[in-house]
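Written below as C-alpha cells is the structure these notes are about.
The values are calculated or read from the model by the stated rules, or taken from the named source; none is laboratory data. This structure is a prediction, so every number in the text was calculated from the model and none was measured. Methodologically, a virtual Cβ is constructed for each residue, glycine included, from the backbone with ideal geometry; neighbour enumeration extends over all protein chains shown. To get the accessible areas, we keep the full protein, side chains included, count just its heavy atoms, and leave off ligands, DNA and RNA. Shrake-Rupley method; radii C 1.70, N 1.55, O 1.52, S 1.80 Å.
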Amino acid sequence: MKRLWISLALLGLLSALSAVHIHALGRVTDALSQQLSQAQEQVRSQQWDQAQATTQSAYDRWEDCALYLHATLPHEDIDSIHSGYLEALSYLSAQEDPSECCAVLARIINEMHLLLDEELPTLHNIF
Amino acid sequence: MIEHLFPRGDFLFVVLIRTVLLYLMIIVGLRLLGKRQLGELEPTELTLTLIIADLASVPMQDNGIPLLCGVIPILTLLCCATILSVCSARFIRFRTLLCGRPSIVIRQGKVVEEELRKNRLTVDELLEELRIQGYTDPAAIQFAVLETNGQLSVLPQPWAKPATAGQLSLTAPPAGLPVLVISDGRLLHHNLHSLGFEGRWLQKQLDKLGLSSPSQVFLLTADQEGNTYCVPKEVRR
C-alpha cells in the first residue's frame, strides 16, 4: 500500500508542478507581451529610443528565464523567439523601417502566446 | 553558470550527459518494475517496458527536446504501473480485467478448440509449444494451461509423468543449494562464511584437487553439506 500512496503522491506532485509551470510561463509571457506591445506603440509614434529600451528590457527579462525555458520547452521555439528579439533590436537600432519592426515584434508576441497555448491542458492540445 | 560550463559548441558532450541521465532513469525504472524476465512479462508490463525505452530514446537523440519531456512521461508511466500493480494485487476482479484469465487449452488429452480460438492460438503453435516442453503427443497431457503471460504450462497424464524417488520408495540424499565460492580466481568470502565454512576448509578442498590457491580456480561452488564442484583455470600457453 505504501507504494500506491507514493505513486499517487508523485503523480499529484507532477500535476502540481505542471500547473505551477503553466502559471509561471503565463506570467512571463504576459509581462513580455505587454512590454512588446508597448514597444510597438512607441515605434508607431516614432519614439525609437524608448521602443529600443523597452524591447531591450523585455529581451533581458527573457534571457533571465533562459535556463528555465530551455529545461521545459522545445528548444526550437525558444531559439525562434530569441532570434526574433535580436532581429527586432537590430531594426530598432537602425530606426528606419517601423512597419517591419512592428511585424517582427508582433511575431514575437504571437510566438510567445503559442508557447503558452501549447502547454495548456485543453482538448485542442490533448487530441 | 551551467551555460559557461557547457557552451553551445559542446553538442556531443551534451548528448553524452543526456544519454547517461536517461540511461540511469531507465535502469531505475526497470528496477522498479521488478525482476521478471522479458518472456514472463504480462502484456501490460511488456508494453510499458517498450514505451519507457522509446520515450527515453527520443530526447536522447534530439537535443532540441527538453530532458524533462522524457523524464516526466517515464515517471508518470511508472507511477501508473505501480498503481495498477498494487490494485491488481489487491482486487481479483481488477487483476482479471487487466491481465485476463489463464485458459485451459488441453483437458484430459483433448484439445479445447474454443479456447484456442479465443486466444488466437493455432494447433501448430500449440504442438510447437508442447514439443519445446518435451511432449509430442497431446493425449499424454492431462492439462495444458495458457498462462496470462503467454507461456504454456503442461501437466502430463499421471501415467506419462516421470517417477519420483518417493513413488519408487527410494531415499535420496539431501541436496543443498550450491553457492558460488570462487569466481574467476576471486574468493567470495561472504558466500563462504554464509555456508558456515572457513578459509581452512576451503584450503583442504583445494589441496584435494591439487590446487594451491583460489587464483588457480575458475569456478568453485559448494553447498551446506560440503559438496563442491570445481573447474580449475585453463593453463595458457
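Here are the numbers for this structure:
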item	result
Residue in segment A:55-66 that is touching an Asp or Glu at 6+ places or on another chain (Cβ under 9 Å) and within 17 Å of B:I72 (Cβ to Cβ) present	no
Output for segment A:101-127, where each listed residue is polar (S, T, N, Q) and either in a helix (DSSP H, G or I) or in contact with a helix residue (DSSP H, G or I) (Cβ under 8 Å, 6 or more places away or on another chain) (or both)	A:N110, A:N125
Test: A:R61 is modelled with pLDDT under 90, in a helix (DSSP H, G or I) and open to solvent by 50 Å² or more (accessible area, probe 1.4 Å)	no
Tabulated pairs, segment B:125-143, first touching a residue at least 40 places away in the same chain (Cβ under 8 Å), second open to solvent by 80 Å² or more (accessible area, probe 1.4 Å), C-beta under 8 angstrom, 6+ apart or interchain	none
Meets criteria (open to solvent by 80 Å² or more (accessible area, probe 1.4 Å) and without any contact (Cβ under 8 Å) to a residue 12 or more places away in the chain) for B:R107	no
Condition met for B:L97 (open to solvent by 30 Å² or more (accessible area, probe 1.4 Å) and in contact with a helix residue (DSSP H, G or I) (Cβ under 8 Å, 6 or more places away or on another chain))	no
A:H70 being on the phi < 0 side of the Ramachandran plot, at the interface with chain B (Cβ under 9 Å from one of its Cβ atoms) and part of a helix (DSSP H, G or I)	yes
Condition check for A:Q56: open to solvent by 30 Å² or more (accessible area, probe 1.4 Å), away from chain B (no Cβ under 14 Å) and without any contact (Cβ under 8 Å) to a residue 60 or more places away in the chain	yes
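So that you can scan it fast, the table gives a plain yes or no per residue for (1) within 11 Å of chain A (Cβ to nearest Cβ); (2) under 25 Å from A:L8 (Cβ atoms):
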{"position": "B:L55", "(1), (2)": "no, yes"}
{"position": "B:G64", "(1), (2)": "yes, no"}
{"position": "B:A81", "(1), (2)": "yes, yes"}
{"position": "B:R93", "(1), (2)": "no, yes"}
{"position": "B:E113", "(1), (2)": "no, no"}
{"position": "B:L121", "(1), (2)": "no, no"}
